[in-house]
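Have a look at the structure below, then the notes.
The values are calculated or read from the model by the stated rules, or taken from the named source; none is laboratory data. This is a predicted model, so every value here is computed, not measured. A quick note on method: Cβ atoms are made from the backbone with ideal geometry, for glycine too, and the neighbour counts reach across all protein chains shown. Calculation scope for accessible area: heavy atoms of the full protein, side chains included, ligands and nucleic acids excluded. Shrake-Rupley method; radii C 1.70, N 1.55, O 1.52, S 1.80 Å.
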Amino acid sequence: MILRFVILIVLSTVPQRTDGESTINGNTGMLADAVQSLLPALGNTLGIDNLDLIVDFFTQNGSLSTDGVDLLTPLTGQFALQSWGLTHECSQDLMLLVEDLRSAEPWTLQVLDAFGKPDSGIMTGRIWFPGGFDECLDLHADVYNNATDTMQALHGKYCRLEIDTGVPQRIFLKPNIRIGMCVPSKCVAKDLNLLVENLQMVLFNDTFRYDATTLCSERKPLANDALAVIIILSILVAFILFGTLYDIIAVRMKCNEQPKENKQNEKRNGAANGVGMKAYVNGAYLPATEGSEHENKNNSIIEMIGGQSKPVMERVEDNQRTSNFETNHKPGSSTMEKTFLAFSAYSNGVKILSTVQGAGSLGALNGIRFLSMAWVILGHTYVFALGFDANLGVYFFDELQKPSFSAVNYASVSVDSFFTLSGVLVAYLTLRELKKVGGMKGFNWFMFYFHRFWRLTPPYMLVIMVGTVLLPYIVYGPFWLEGEFPFMSECRKTWWVNLLYINNYVHAEDACLGWSWYLANDMQFYIISPLILLPLFYNVFAGAACGVVFIAASTAAIWVIDVNHEYPVQSALTFAPPPKDSHFSRNLYLPSYARVGPYVLGLFAGYLLYKTSCKLRIPKAISILGWFLSISVICTVIYSPYSDEQSHILSLQESAAYLSLHRTGWGLAMAWIIVACCTGHGGWINELLSWRGFIPLSRLTYCAYLIHPLVMVTFYTNRRQLTYFTQFELIYLFLGHMTMTYGLSFIVSLVFEAPMMGLEKAVFRKSGK
């Protein structure tokens with residue numbers, strides 16, 4: 001039934017015949033003849049009955065009357081349209097369109113061509129027919145108006161007819177039938193809605209068959225909130241420009257005016273160390289000493305925050321400050337000066353792109369971090385294309401038949417790698433600091449929590465602000481969506497939930513920045529981490545017991561929930577048993593109790609690295625066994641749910657076992673890889689993961705995680721045609737998303753994330769300690 005209405009609306013622009021003879025010449029007349037012959041076939045194929053009315057409308061006298069008014073006669077038709085509630089301007093332009101369409105004027109053919117038309121793929125689920133967006137907007141015609149005896153300018157407007165299919169909404173886009181329409185620019189959505197309603201009344205004997213709505217593409221003016229955000233970003237850019245100029249003019253040029261002997265000493269030190277001559281530490285300008293003996297004293301500790309490597313503290317003793325910067329500046333530069341330097345794009349760019357790390361850094365973590373982020377982007381390349389694709393449902397199902405595709409279908413464990421990494425670094429750094437300050441009494445617990453909140457929150461809130469306010473102005477094409485940008489629709493109401501990092505529990509169903517559930521989990525794990533770290537620091541058995549309790553409680557909770565709700569592991573397969581409800585994400589995907597296992601195992605691995613100072617001796621046989629078991633667990637987690645036939649469907653108990661154990665098992669495998677690589681038992685795997693090229697990429701991982709879905713959705717919604725998935729298309733999309741994501745992440749990190757880190761150092765570490 002819906003298809004019948006679609007055909008009526010789409011074919012209503014087809015040129016007509018009068019008295020059995022074509023009044024249209026050339027190709028247009030051939031099109032009318034084709035319509036006449038195709039309509040009966042369409043009726044038989046699609047099961048549309050009573051096609052006589054349609055055939056007569058498109059092939060006979062070309063008139064359709066209501067209350068005795070001929071709709072296709074220009075003057076009376078205009079009055080009829082106005083009687084339906086359409087505005088005078090819209091009615092007049094529509095009748096000009098109908099009149100010139102009869103004469104096959106070129107501009108009307110452009111309108112006809114710009115309409116969305118049913119295309120191949122309907123039987124496989126294609127329900128969006130965008131038509132020619134730019135072709136419609138490029139329409140500018142001077143039309144003679146017989147009624148007023150004047151020439152009238154007529155411009156095209158792109159609109160979209162949406163017909164509700166009655167299917168429940170999934171992801172963020174309702175599965176409506178969408179048809180692009182090209183109409184005169186003086187018509188607004190209200191006019192077209194009235195036209196559609198009255199056409200239904202005429203065609204369906206005074207009844208409404210379909211819930212149809214018309215939306216029109218409009219260039220909306222900048223609202224006050226958009227102007228406010230632009231002003232804020234402009235102020236930020238001004239700070240960046242000022243800080244960069246101050247860095248170059250007041251610092252670098254002044255440092256070049258050093259005594260000759262200092263230059264010679266610095267040159268010798270730089271050559272001996274094999275590194276650059278200058279670097280910033282804690283906002284102060286100091287010579288780089290990476291790779292030297294001085295570096296071992298000046299150890300730079302690296303922390304993982306949401307998957308990103310960042311300096312936490314550089315311990316620089318006053319008697320070690322021999323830089324030329326301090327020759328020309330008083331020791332302990334002012335907070336104002338450090339604030340200026342924190343906004344230097346030059347220095348921040350050098351730090352981000354540097355491939356040098358301090359002694360004590362866990363190099364293999366950089367590779368794991370980047371590869372995990374690439375895996376996330378690969379999986380989301382499919383997810384965020386839903387609704388903007390021509391064949392993703394069929395393509396995805398075909399790919400499910402291939403065992404290799406399990407790495408995409410079950411890619412969610414890539415996020416659990418981040419939890420394991422975070423646990424390793426939190427334990428490794430915190431335990432070292434506890435040892436340095438003599439235990440929990442000397443530990444600065446305020447900075448422990450404030451530091452994490454400050455490092456995560458400013459970029460997080462910036463992305464929410466820009467995504468909510470500015471991105472709707474960037475989308476321009478047939479796939480625009482009414483209201484807020486996709487995945488940002490609730491941000492104006494629920495942003496505070498994200499700010500408090502409780503969005504995986506509160507407003508989880510209508511989340512703002514839906515993928516930010518990971519940040520909420522990571523923050524919650526960080527908050528409770530001392531419950532395990534402090535017992536580990538004072539008594540390893542007490543700490544191990546606490547960690548085991550968390551893992552056991554998580555495993556039991558997942559098992560009970562899965563058994564009660566009957567969530568199948570193989571939910572993507574069409575022949576998998578259905579669950580009792582559709583709340584899997586809320587119950588087992590988003591909550592922290594379902595994800596704590598990998599984090600706790602990361603804490604254990606970090607404790608082991610701290611306790612052994614990364615010098616753990618492992619017999620070769622044990623090392624080989626460890627690698628064999630870890631690879632086996634990885635393969636089991638990814639490939640064991642694979643099935644290409646109904647004979648390999650997991651039972652309820654098997655699904656419960658898999659869901660209860662697979663994330664913890666994945667975390668255990670990651671913990672082994674980290675410990676083995678960081679203690680010299682990784683071989684070529686450690687060499688690969690510790691490749692220097694991963695260092696700058698890993699620094700950008702946090703920003704990449706925040707913005708990569710927005711990059712994808714912006715791309716998909718700005719296209720002119722639906723995305724058709726093939727193997728090669730997927731490769732190009734994946735590589736393109738990766739490149740754009742990391743390029744934009746570098747900009748975000750350069751102009752916002754890095755300055756916020758510098759501000760923290762300037763305010764809280766005035767003496768550099």
Tell me which residues, restricted to region 437-464, are touching an Asp or Glu at 6+ places or on another chain (Cβ under 9 Å) and surrounded by 13 or more Cβ atoms within 10 Å (Cβ to Cβ).
Phe443, Phe448, Phe450, His451, Arg452, Trp454, Arg455, Leu456, Pro458, Pro459, Leu462
Looking at Leu227 and the list (1) part of a helix (DSSP H, G or I); (2) touching a residue at least 24 places away in the same chain (Cβ under 8 Å), which single condition is not satisfied?
(2)
Check whether at least one residue in region 697-717 is out of contact with any helix residue (DSSP H, G or I) (no Cβ under 6 Å at 6 or more places or on another chain), of a type in the set (Lys, Arg) and in contact (Cβ under 8 Å) with a residue 60 or more places away in the chain, and report yes or no.
no
If a residue must be modelled with pLDDT of 90 or more and in a loop (DSSP other than H, G, I, E, B), how many such residues does region 720-769 contain?
6
Only one of Leu139, Leu173, Leu192 is out of contact with any Ser or Thr (no Cβ under 7 Å at 6 or more places or on another chain), more than 15 Å from Phe479 (Cα to Cα), aliphatic (A, V, I, L, M) and open to solvent by less than 40 Å² (accessible area, probe 1.4 Å). Can you tell me which?
Leu139
Residue by residue through region 372-405, note down the ones that are touching a residue at least 60 places away in the same chain (Cβ under 8 Å), open to solvent by 50 Å² or more (accessible area, probe 1.4 Å), out of contact with any Ser or Thr (no Cβ under 6 Å at 6 or more places or on another chain) and assigned to a helix (DSSP H, G or I).
Val383, Gly393, Phe396, Phe397, Pro403
Out of region 409-436, which residues are surrounded by fewer than 19 Cβ atoms within 10 Å (Cβ to Cβ) and either closer than 25 Å to Pro709 by Cβ or in contact with a Phe, Trp or Tyr (Cβ under 7 Å, 6 or more places away or on another chain) (or both)?
Ser412, Arg432, Glu433
Only residues that are in a helix (DSSP H, G or I), in contact (Cβ under 8 Å) with a residue 24 or more places away in the chain and either among the charged types (D, E, K, R) or at positive phi (or both): list them for region 100-120, please.
Asp100, Arg102
Given the conditions (1) in contact with an Asp or Glu (Cβ under 9 Å, 6 or more places away or on another chain); (2) of a type outside the set (D, E, K, R); (3) modelled with pLDDT of 95 or more, report the number of the one that Ala704 does not fulfil.
(1)
Using the structure shown, decide if Leu195 is modelled with pLDDT of 90 or more, in contact with a strand residue (DSSP E or B) (Cβ under 9 Å, 6 or more places away or on another chain) and not in a loop (DSSP other than H, G, I, E, B).
no
Picking from Val633, Val637, the residue that is touching a Leu at 6+ places or on another chain (Cβ under 8 Å), β-branched (Val, Ile, Thr) and either assigned to a loop (DSSP other than H, G, I, E, B) or surrounded by fewer than 22 Cβ atoms within 10 Å (Cβ to Cβ) (or both) would be Val633
Counting only residues that are of a type in the set (A, V, I, L, M) and more than 14 Å from His380 (Cβ to Cβ), which one in region 704-734 is surrounded by the fewest Cβ atoms within 10 Å (Cβ to Cβ)?
Ile731
(1) under 13 Å from the mean Cα position of the chain (by Cα); (2) buried (at least 19 other Cβ atoms within 10 Å of the Cβ): which one isn't true of Leu689, the others all being true?
(1)
Yes or no: Lys186 assigned to a strand (DSSP E or B), among the basic types (Lys, Arg) and touching a residue at least 24 places away in the same chain (Cβ under 8 Å)?
no
Show the residue pairs that are 6+ apart or on different chains and have beta-carbon atoms under 9 Å apart, the first residue being within region 345-356 and in contact (Cβ under 8 Å) with a residue 24 or more places away in the chain, the second being open to solvent by 50 Å² or more (accessible area, probe 1.4 Å) and aromatic (Phe, Trp, Tyr).
Gly349/Phe746; Ile352/Phe746; Leu353/Phe746
Any chance you could count how many residues in region 142-153 are in contact (Cβ under 8 Å) with a residue 60 or more places away in the chain and either surrounded by 19 or more Cβ atoms within 10 Å (Cβ to Cβ) or among the small types (Gly, Ala, Ser) (or both)?
1
Region 568-589 residues that are touching a residue at least 40 places away in the same chain (Cβ under 8 Å), paired with ones that are surrounded by fewer than 17 Cβ atoms within 10 Å (Cβ to Cβ) (beta carbon under 6 Å, 6 or more apart):
Pro568/Pro577; Phe575/Gln646
Under the condition of being at pLDDT below 90 and among the β-branched types (Val, Ile, Thr), which residue from region 109-136 is surrounded by the most Cβ atoms within 10 Å (Cβ to Cβ)?
Ile127
Can you tell me which residues in region 481-513 are among the hydrophobic types (A, V, I, L, M, F, W, C) and buried (at least 20 other Cβ atoms within 10 Å of the Cβ)?
Phe485, Phe487, Met488, Cys491, Val497, Ala508, Ala511, Cys512, Leu513
